[in-house]
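The values are calculated or read from the model by the stated rules, or taken from the named source; none is laboratory data. Small disclaimer: the values here were computed from a predicted structure and weren't measured. No Cβ is skipped: glycine too gets one built from the backbone with ideal geometry, and neighbour counts run over all protein chains shown.
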Amino acid sequence: MQPPADPTSVDRGPGPAPAADPALYRARREHLCAALRAAGGGVAVLPTAPERTRNADSEHPYRHDSAFYHLTGFNEPGAWLVLDAGGRSLLLCRPKDEEREIWDGLRLGPGAAPAALGIDEALPLAALGEVLPQRLANQPAVWFPFIGFEGLSAQVGGWLEAVRARGRSGVQAPGQQRDLLPLIDGLRLFKDGHEVALMRRAGEIGAAAHVRAMRACRPGLREYELEAELLHEFRRRGATGPAYTSIVAAGRNACILHYQAGDTELRDGDLCLIDAGCEYGSYASDITRSFPVGGRFSGPQRALYEVVLAAQEAAIALTRPGVRKIDSHWAAVRTLSEGLLDLGLLPRAIHGNAEDVMASAAYRRFYMHGTGHWLGLDVHDAGEYLALDEDPVDQPDGLGGRVVKKPSRRLQPGMVVTVEPGLYVRPTPDVDERWWHLGIRIEDDALVTPEGCELLSRGVPVDPDEIEALMRGG
């Protein structure tokens, strides 16, 4: 594999994400309506995310709710989607307002929404309190998100009371309140062609940003300067920005899992860990690389790095259809355990072999997180990790014990997961000082395909020789 070209000299790509055909969102809503019918029918009510005040009269940059966007492609605040099991869709949104649009930007408005979004009907947001009791009348259930929207349960309760008030005229209120999110999450877990294209591009942009940061890295810089390189590359290639707060951790900071880029100086002889991804067309990439600040791994750094890389390769090999999601994690843990024993970080005289290390969870001293998660509209994307339709089984609990619970679900084509093993060595008296403060994680995004998996983020190298060549400008 040749090192990627200098990202400042290559084509910036297609720019901002293209809009999807409204038929795509209509098809997603139809799938949800089919799920509602299969579950007994009713009406689904889903708001988008509210605007958030940063301070005084300043707002945080607006980000729509992911489930709402998945079903509508609509990214304005102040909107609600109402679906019935029969397939009819209603959008309530902010009306056109010339004065507010001067300040805040253009609005789609209910008049243009049906044609633009493929919605059956659209009404002004002010009609919400009147329309919802009408739509809920004589329905068997009302479906809405049970978490994530403060006050929504009480709001639904008010609509139900309005329906019950009409009981003497023969109108019945829904007898059930059911959580809508598991139905939507099940649909979001499988990415369609449009989503895959966006995620490929997000992976390309994220990888280019990591390449840029590696090329820019040199002793004397500070963490926030590398973060600036990432942000620059995200935006210049059409991403809306980071998909999450970027981790740029120099030296000992790499052993803090959720560290945020600060003002620590990058020193020759240290490693730098960057965990950063972009958001493109509302879809996330999530990439981690660990590399030497001075451009060359020391002996201990390379030895530990190669253990983590081998663990990732073992996990990638089990990221394929039919394999349980958890199996890639245990493959990584086995490789990490063997490496910790080989390097003496876990003495064999005390801990035995790799099977013993896994059974006792002794590895968790150096590896305390999972090996991957779903990826999509959210960095930690929607989707159940357990096979809920299977019987519980006795299995390791990951903490050195056993537990009886549902097994891990099996991977299928269209799922996207991260693969991210790591090792983190903090100073302790029983660990040789040459390993102290080494934090290494390697993470890539993998689309499950019929044949295995496609890595979406390998535009930035993982091989230690290629990383060193890249940092030398090769």
Original post:
List pairs: first in region 373-390 and under 11 Å from LEU189 (Cα atoms) and without any contact (Cβ under 8 Å) to a residue 12 or more places away in the chain, second in a loop (DSSP other than H, G, I, E, B) and hydroxyl-bearing (Ser, Thr, Tyr), Cβ under 7 Å, 6+ apart or cross-chain?
Top reply: none
Original post:
Can you name every residue in region 135-194 that is at pLDDT below 95 and among the polar types (S, T, N, Q)?
Top reply: SER169
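Filter region 222-235 down to the residues that are in contact (Cβ under 8 Å) with a residue 24 or more places away in the chain and surrounded by fewer than 17 Cβ atoms within 10 Å (Cβ to Cβ), then identify the one that is farthest from TYR280 (Cα to Cα).
Taking region 222-235 and keeping what is in contact (Cβ under 8 Å) with a residue 24 or more places away in the chain, we get 222-224, 226-227, 230, 233-234.
Now narrow it down to the ones that are surrounded by fewer than 17 Cβ atoms within 10 Å (Cβ to Cβ): 222, 224.
Numbers: ARG222: 27, TYR224: 22 Å.
Among those residues, the one meeting the criterion is ARG222.
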Subject >> Long-range neighbours under 7 Å by Cβ, at least six apart or interchain, first residue more than 14 Å from LEU123 (Cα to Cα) within region 73-101, second among the aromatic types (Phe, Trp, Tyr) >> reply: GLY73/TYR25; ASN75/TYR69; PRO77/TYR62
Original post:
Which pairs do you get when a residue that is over 19 Å from GLU306 (Cβ atoms), found in region 448-474, comes within reach of a residue that is basic (Lys, Arg) and modelled with pLDDT of 95 or more, reach meaning Cβ atoms under 7 angstrom, with the pair 6+ apart or on two chains?
Top reply: VAL448/ARG320; GLY452/ARG320; CYS453/ARG320; LEU456/ARG200
Original post:
Of the numbered conditions (1) farther than 29 Å from GLY241 by Cα; (2) buried (at least 20 other Cβ atoms within 10 Å of the Cβ); (3) touching a residue at least 24 places away in the same chain (Cβ under 8 Å), ALA284 satisfies every one except a single condition; which is it?
Top reply: (1)
Subject >> Selection status of ASP445, at pLDDT 95 or above, in a loop (DSSP other than H, G, I, E, B) and acidic (Asp, Glu) >> reply: no
Subject >> Pairs with Cβ under 7 Å, 6+ apart, first in region 26-52 and modelled with pLDDT under 95, second assigned to a helix (DSSP H, G or I) and surrounded by 18 or more Cβ atoms within 10 Å (Cβ to Cβ) >> reply: none
**OP:** Take LEU423 and decide whether it is in the same structural domain as TYR385 (by TED's automatic domain parsing), part of a strand (DSSP E or B), closer than 22 Å to LEU266 by Cα and in contact (Cβ under 8 Å) with a residue 60 or more places away in the chain.
**Re:** yes
Subject >> Members of region 59-105 found to be under 19 Å from the mean Cα position of the chain (by Cα), aromatic (Phe, Trp, Tyr) and either part of a loop (DSSP other than H, G, I, E, B) or modelled with pLDDT under 95 (or both), listed by number >> reply: TYR62
Subject >> Failed item in (1) surrounded by 17 or more Cβ atoms within 10 Å (Cβ to Cβ); (2) at pLDDT below 85; (3) among the hydroxyl-bearing types (Ser, Thr, Tyr), with THR8 passing the rest >> reply: (1)
**OP:** Return only the number of the condition from (1) under 20 Å from PHE146 (Cβ atoms); (2) part of a helix (DSSP H, G or I) that ALA49 does not satisfy.
**Re:** (2)
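Out of GLU150, GLU195, report the one residue that is assigned to a helix (DSSP H, G or I) and among the acidic types (Asp, Glu).
Working: GLU150 fails: assigned to a helix (DSSP H, G or I).
Just one listed residue meets the conditions, GLU195.
Condition first: in contact with a His (Cβ under 8 Å, 6 or more places away or on another chain) and over 30 Å from ARG200 (Cβ atoms). Now tell me which residues in region 341-377 satisfy that. Walk me through how you get there before you give the answer.
Looking only at region 341-377, we keep the residues that are in contact with a His (Cβ under 8 Å, 6 or more places away or on another chain), and these are 341, 357, 360, 362, 370-374, 377.
Within region 341-377, LEU341, VAL357, SER360, ALA362 meet the criteria.
Return a yes/no flag: does region 406-415 have any residue that is under 18 Å from GLU306 (Cα atoms), touching a Pro at 6+ places or on another chain (Cβ under 7 Å) and not in a strand (DSSP E or B). Let's see the steps before the verdict.
Kept after step one, since they are under 18 Å from GLU306 (Cα atoms), are these residues of region 406-415: none.
No - not one qualifying residue is present in region 406-415.
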Original post:
Restricting attention to region 172-189, which residues are assigned to a loop (DSSP other than H, G, I, E, B) and surrounded by fewer than 16 Cβ atoms within 10 Å (Cβ to Cβ)?
Top reply: GLN172, GLY175
Subject >> Matching option when the condition is of a type outside the set (Gly, Ala, Ser), in contact (Cβ under 8 Å) with a residue 24 or more places away in the chain and over 23 Å from ARG26 (Cβ atoms), among PRO133, PRO124 >> reply: PRO133
Original post:
If you scan region 153-182, which residues turn out to be of a type in the set (A, V, I, L, M) and in contact with a strand residue (DSSP E or B) (Cβ under 6 Å, 6 or more places away or on another chain)?
Top reply: VAL156, LEU180
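Answer yes or no as to whether TYR305 is out of contact with any helix residue (DSSP H, G or I) (no Cβ under 8 Å at 6 or more places or on another chain) and either among the small types (Gly, Ala, Ser) or modelled with pLDDT of 95 or more (or both). Before the answer, list the steps.
Numbers: out of contact with any helix residue (DSSP H, G or I) (no Cβ under 8 Å at 6 or more places or on another chain): no; either among the small types (Gly, Ala, Ser) or modelled with pLDDT of 95 or more (or both): yes.
So TYR305 fails the test.
Rundown of residues vs (1) within 19 Å of ARG324 (Cα to Cα); (2) surrounded by fewer than 16 Cβ atoms within 10 Å (Cβ to Cβ), yes/no style:
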position	(1), (2)
PRO429	no, yes
TRP436	no, yes
ALA446	yes, no
CYS453	yes, no
ASP463	no, yes
ILE467	no, no
LEU470	no, no
Subject >> Filtered residue count, region 319-372, keeping only those that are among the hydrophobic types (A, V, I, L, M, F, W, C) and free of Cβ contacts under 8 Å to residues at least 12 places away in the same chain >> reply: 2
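On the given criteria, is GLY398 part of a loop (DSSP other than H, G, I, E, B), modelled with pLDDT under 95 and out of contact with any Phe, Trp or Tyr (no Cβ under 8 Å at 6 or more places or on another chain)?
In short, yes.
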